[in-house]
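Novice: Just dropping this structure here.
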Amino acid sequence: MNITIVGLGLIGGSFAKATKSRTLHTVMGCDLDDEVKLFARLTGAIDKTFDAALLPESDLILVALRPHAGINWLRENAPQIAKTAVVVDMCGTKREVCAEMGAIAKQYGFMYVGGHPMAGKECGGFVNATENLYDGASMILTPDSSIDMRTLELLKNYFTDIGFANLTFSTPEEHDEIIAYTSQLAHIVSGAYVKSPTAAKRRGFSAGSFKDMTRVARLDEDMWTELMMQNSDFLCEELATLIANLNQYREALLAKDPDALRECLKEGRLCKANAGGN
């Protein structure tokens, strides 16, 4: 296949590196940073840099940009996309993105599927992209009723070829509801936790728990602001639940009630056990 990857940061760059190291597909890379494009070309992560004249030859287009940038790119380039092509975005929220991109795809006659790879790092950019980022990960897809089985089979083969363990199918609404809890809330908790004045005194007193809790506080605030604002309804619901649960622990401690505290801790342990996995 001829694959175009739009955005060569951590996500797009890792798609490029995995594609070139594990498949025979041809990759055209698009990025605003000329140095990134040159480096990607020199390291063999892409075969060629983006040329709008070549876009009609693309069979698969992966848009690895922030939501608004991705929508704008697709709107600007849609007239050059072949009707036989498949476009998949990699945005962390799906409702607004799928509505906008889906409408553009219908207008111009090509296929579009919302996507979200469940993999990442706290450090972004092409220099941190790796060919094994997606090994064992889940790839979420949010196809609508217009997507045929041939397209889904093509996507399944491609994503599993570059390392994904499985595909998870969802609606944009379900995706955003769950991702508010599994991803966005975790980033808020990490950022709030590390703001404690005690964090400055932690040296010699911190181990795995501190590292686990603070890892994702090292984030791109511009990107996460955009994602969280798009998902503010579901995220506010999760925050309300978390705050209510935290207050139960605080109330037990204020009351010096060991039985209440033990019950809070037990409930958390059992919830983790019932959830299973990671």
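The values are calculated or read from the model by the stated rules, or taken from the named source; none is laboratory data. Being a predicted model, the structure only gives us computed values, none of them experimental. As a convention, Cβ positions derive from the backbone with ideal geometry for all residues, glycine included, and neighbour counts pool all protein chains shown. Surface areas here come from the heavy atoms of the whole protein model, side chains and all, with no ligands, DNA or RNA. Shrake-Rupley method; radii C 1.70, N 1.55, O 1.52, S 1.80 Å.
Novice: What number comes out for accessible area per residue over the chain if the probe is 1.4 Å? Units Å², please.
Specialist: I get 54 Å² per residue for this part.
Novice: Where nothing but the Cβ of Lys and Arg (+1) and of Asp and Glu (-1) is charged, how large is the charge dipole of segment 24-167 around its Cα centre, in debye to the nearest 20? Could the numbers behind the result be given before it?
Specialist: Values: 12 positive and 19 negative charges, 67 e Å.
I would put it at about 320 debye.
Novice: Same structure again: If R0 is 45 Å, what FRET efficiency do you get for ALA192 and ASP51 from their C-beta distance, rounded to 0.05?
Specialist: Calculated value: 0.50.
Novice: Hey, another quick one. Where in the chain is the longest stretch that carries no trypsin sites (Lys or Arg not before Pro) classed as loop by DSSP and with at most 14 other Cβ atoms within 10 Å?
Specialist: In short, 84-194.
Novice: Probe radius 1.4 Å, ligands and nucleic acids left out: which of THR171, THR84 has the largest accessible area, and how do the rest follow? If you can, show how the numbers build up before the last one.
Specialist: On the way: THR171 75, THR84 105 Å².
Final ranking, largest accessible area leading: THR84, THR171.
Novice: Something else: For the chain, restrict the atom set to alpha-carbon positions and state the Rg and Dmax in Å.
Specialist: Considering the chain through its Cα atoms, Rg and Dmax are 21.1, 71 Å.
Novice: Just report the Cα centroid separation between segment 249-278 and segment 100-142, whole Å.
Specialist: Spelled out, the Cα-based centre of one part sits 37 Å from the other.
Novice: Report the relative contact order of the chain, percent, no decimals, based on alpha-carbon pairs under 8 angstrom and at least 6 residues apart.
Specialist: Worked out over the chain, it gives 16 percent.
Novice: Could I ask something else about it? Can you work out ³J(HN,Hα) from phi for every residue in segment 265-276, in order, using Karplus 6.51 cos²θ - 1.76 cosθ + 1.60 and θ = phi - 60°, giving whole Hz and x for Gly and Pro?
Specialist: 5, 5, 4, x, 4, 5, 4, 5, 5, 5, 5, x
Novice: Could you give the dipole magnitude of the chain about its Cα centre, charging the beta-carbon of Lys and Arg +1 and that of Asp and Glu -1, in debye to the nearest 20?
Specialist: 1020 debye
Novice: With point charges of +1 on the Cβ of Lys and Arg and -1 on the Cβ of Asp and Glu, referenced to the Cα centre of the chain, which listed residue (ALA252, ILE179, GLY115) lies farthest in the positive direction of the dipole?
Specialist: ALA252
Novice: Using the Karplus curve 6.51 cos²θ - 1.76 cosθ + 1.60 with θ = phi - 60°, work out ³J(HN,Hα) for each residue of segment 116-132 in order, rounded to whole Hz, and write x for Gly and Pro.
Specialist: 7, x, 8, 7, x, 9, 7, 10, x, x, 4, 5, 9, 6, 9, 6, 9
Novice: Between ARG218 and residues 5 or more places away or on another chain, which pairs have amide H atoms under 5 Å apart, with H built 1.01 Å from N, and which residues are they?
Specialist: HN-HN under 5 Å from ARG218: empty list.
Novice: Calculate one ³J(HN,Hα) per residue across segment 46-52 by plugging θ = phi - 60° into the Karplus curve 6.51 cos²θ - 1.76 cosθ + 1.60, and present them in order as whole Hz with x for glycine and proline.
Specialist: Using θ = phi - 60°, the values come out as 9, 8, 7, 8, 4, 9, 4 Hz.
Novice: First compute the accessible area of the chain with a 1.4 Å probe, then give the percent of it belonging to carbon and sulfur atoms. Numbers along the way, then the final one.
Specialist: On the way: 8310 of 15120 Å².
So the carbon and sulfur contribution to the accessible surface is 55 percent.
Novice: Could you work out the relative contact order of segment 22-111, using alpha carbon pairs under 8 angstrom and six or more residues apart, expressed as a whole percent?
Specialist: For segment 22-111, the relative contact order is 25 percent.
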